[in-house]
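Data first, discussion second: the structure below is written as structure tokens.
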């Protein structure tokens, strides 16, 4: 029997047919920028965080500075993702990396943290999407009714889950267009707002000052940590763009141009829009409208009609963000199931749509339950879940930073370059996120730390994080005796070949 | 060298396409190649095991298709391609100078096909090789 198999990973190739055309496309530079920025969803991230960050006691006018500081640990962790991805090409998973580098229990915990964090962000996404949908049609009474927003949010989650389950994909071109509109609208908003601040001085407007960008002007480290915990969120997802294999002349030359471009784009947008939003009517307006900051600002800045563009930008951004939340979650649970660390059913692939269907539908169902529970109990809990998820991000990004240095430990001292990029940066990222995690846990315990009132005498965000942690711990303890093979695996070190000079360009796109 | 290329994913439409392709290759004396093609959105990351799962799934499907062809008296070749199916089929056909591409249709309506993406739909416009669409 004549047989040929053409596969990028090269796992089960019987007779390699030399045909690059049938291999998975290496990702081009522009697409990679688009993936990085779209996964981060700047429009939605800003809509969800601006008011909450401005409201952190003691941040004052330094919200733009928070945007800059929050980026630094993410930059360090991006180095970790980049090198871990080189060890496991083709978008390896945090779960498998941490399992291999540190051990199965840590890996399982990292997988759980990803899933739990993604579930905790869904209420905020659905809430923002519901609110802005009503804002789009100027339907104020619906936007102010928690039941209407709950209904719209549930429909949103159902539609997004269906899209992921059905495997519908926007073409690369459509994604580029949507993202361009989003970025253009945000920039237009910021520039017009700043021009108006200087020319017509709207009510309560403040002219930007250098001190807005200076983190040392934030009154307390308590405030800085609180702000950064939320700020980390706006860069969440950026790593996936950095980690995707990029088509370049020399992939070993460190993260490519696309990482640099998407970084500058993101930091630039965040700082610019934060500055403009805060300057236009002062921080009070942001604090008073944490769930829909752009709606009251849009009319004043862009005028009636154009302000809808801003709302559409937030909605397309939220849809991208919902998908980049459901996809990695479903893939993480699929990965855990395939490694026999979760029930095998989560590893199922839909025969026709080829999506991890059970994992995807489970994610949608759990998200709806959590969203409905939080909104029905007290809609402020949606913001507190949002604050709590910052802890989850710090936890698993931090763990990934340490995992990188541990996995590559035999190679750290081979060169100054290795030492800095594979050792110093990831550990620095891990330590700073660890510090934010510990400080935040302490701060969030205070009964008044949440938007909702205290639960069991403790801050609501702390209680939400603690419940998530306890559920994870119980599931881990139940899993250890059931999945003996996985939990008896030993941690390993990276294959030394990974750091060898790259093969000639022709072979470099094979990703093996 | 010519040959017949059939896109196969195990769906009802694909089964019908496979039967037609086996029949045609017997009658025309053409070599048969069965292709399973897939792509997965790189957006969202965490895809390594997902891709591995898709490859396994595809190989299982191809093995089944080859058995079916063999039972009908045709020794087919198989190709697993990690590309959008329409691209993979048309490129392979051009490269091998194939006589035709056979694909199944699920009978999707044009608008749904345009929104959700339909391989036969795309292929008809993309392919320089004649395309035979078999309704499942």
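Brief remarks follow.
- Cα long-axis angle, helix A:357-377 against chain A (0 to 90 degrees, to the nearest 10): 20 degrees
- Contour excess over end-to-end distance, with Cα ends at residue A:146 and residue A:413 and 0.36 nm allotted per residue: 90.5 nm
- CD proxy at 222 nm, helix term only [per DSSP H run n ≥ 4: -39500 (n - 2.57); per residue of the protein assembly as shown; nearest 500]: -20500 deg cm²/dmol
- Projecting label points 7 angstrom from Cα along Cα→Cβ for residue B:64 and residue B:124 puts them 2.7 nm apart.
- Based on C-alpha pairs under 8 angstrom that are at least 6 apart in sequence, segment B:16-136 has a relative contact order of 31 percent.
- Segment A:303-415: relative contact order as a whole-number percent, Cα under 8 Å and 6+ apart: 14 percent
- Full-extension gain in nm, residue A:474 to residue A:138, via 0.36 nm per residue minus C-alpha separation: 116.4 nm
- Overall, the anisotropy analysis places segment A:69-214 in the oblate class: the square-rooted eigenvalues a ≥ b ≥ c of its C-alpha gyration tensor yield a/c not less than 1.5, with a/b not exceeding b/c.
- The fraction of all Cα pairs in segment A:266-423 landing in successive 10 Å bins from 0 to the largest distance is 8, 21, 28, 24, 15, 3, 0, given as whole percents.
- Simple spin-label estimate for residue A:373 and residue A:209 gives 4.6 nm between the two label positions (7 Å along the Cα-to-Cβ direction from each Cα).
- In degrees, nearest ten, helix B:48-71 long axis to first principal axis of chain B (Cα): 20 degrees
- Restricted to Cα atoms, chain A shows a radius of gyration and a Dmax of 22.7, 79 angstrom.
- Remark on segment A:155-212: Rg and Dmax equal 18.9, 50 Å (Cα only).
- Alpha carbon centroid spacing (whole Å) that separates segment A:428-501 from segment A:153-212: 31 Å
- For segment A:359-440, diffusion coefficient by Stokes-Einstein and Kirkwood Rh (Cα), 10 °C, 1.306 mPa s, µm²/s: 106 µm²/s
- Dmax and Rg, reported as Rg then Dmax, of segment B:1-125 (C-alpha, Å): 14.6, 47
- Note on chain B: GNM, Cα springs under 10 Å; of B:79, B:34, B:22, the largest mean-square fluctuation is that of B:79.
- Per-selection Rg to Rh, segment A:379-506 - Cα, Kirkwood hydrodynamic radius: 1.13
- Crossing angle, helix A:63-87 versus chain A [Cα axis fit, 0-90 degrees, rounded to tens]: 10 degrees
A short reminder: the numbers here are calculations on the coordinates, not readings from a lab. Just so it is clear, the model here is predicted, and its values are computed rather than measured. Reconstructed Cβ throughout: ideal geometry from the backbone, glycine too, with neighbour counts over all protein chains shown.
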